[in-house]
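Asks: Take this structure first; my questions come after.
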Amino acid sequence: MVAPNFPLDWRVLVAGYFPNYAYDQHALDQSLPFDELREKSKISAKARAADAAPSEEFSRAIRVGVPGVAATP
């Protein structure tokens, strides 16, 4: 569950549309336009770079620089 009063919408059910819907519902960081937020949120390169790291370090590494995600100690 994203939020208790999150309205149901067809974009919840159709693969690939949920991120835009979550943005429209203000469930994602609103400080950037959606397309820029999506680009800054990509973690593939970070995941490959941290592949051999222990799980807690991997989790931290893939979140560095993602808008709306608090840094963890």
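Asks: Tell me the relative contact order for the chain as a rounded percent, counting alpha carbon contacts under 8 Å between residues six or more apart.
Replies: About 22 percent, as a whole number.
Asks: Per residue of segment 32-48, what does 6.51 cos²θ - 1.76 cosθ + 1.60 with θ = phi - 60° give for ³J(HN,Hα)? Whole Hz please, x for Gly and Pro, Karplus curve as stated.
Replies: 10, x, 3, 4, 5, 4, 4, 4, 6, 9, 5, 10, 3, 5, 5, 5, 5
Asks: Now, a different point. As an exercise, use a Förster radius of 25 Å and the Cβ-Cβ distance of Val66 and Trp10 to find the FRET efficiency, rounded to the nearest 0.05. Present the calculation step by step, with values, prior to reporting the outcome.
Replies: Numbers: r = 27 Å, r/R0 = 1.07.
Efficiency, rounded to the nearest 0.05: 0.40.
Asks: When a/c is below 1.5 the answer is rounded, else prolate if a/b is larger than b/c, else oblate, so apply that to the chain with a ≥ b ≥ c taken from the square roots of the Cα gyration tensor eigenvalues. Please report the intermediate quantities before stating the final value.
Replies: Details: a/c = 2.02, a/b = 1.96, b/c = 1.03.
Prolate, since a/c reaches 1.5 and a/b exceeds b/c.
Asks: May I ask you to evaluate 6.51 cos²θ - 1.76 cosθ + 1.60, the Karplus curve with θ = phi - 60°, for each residue of segment 9-20 and list the ³J(HN,Hα) values in order in whole Hz, giving x for glycine and proline?
Replies: 8, 4, 5, 6, 8, 9, 3, x, 9, 4, x, 5
Read-outs throughout are calculated quantities, based only on the coordinates presented, and are distinct from any laboratory measurement. The shown structure was predicted, so the numbers you read here are calculated from the model rather than taken from an experiment. Cβ coordinates were reconstructed from backbone atoms using ideal geometry, including for glycine residues, and neighbour counts include every protein chain displayed.
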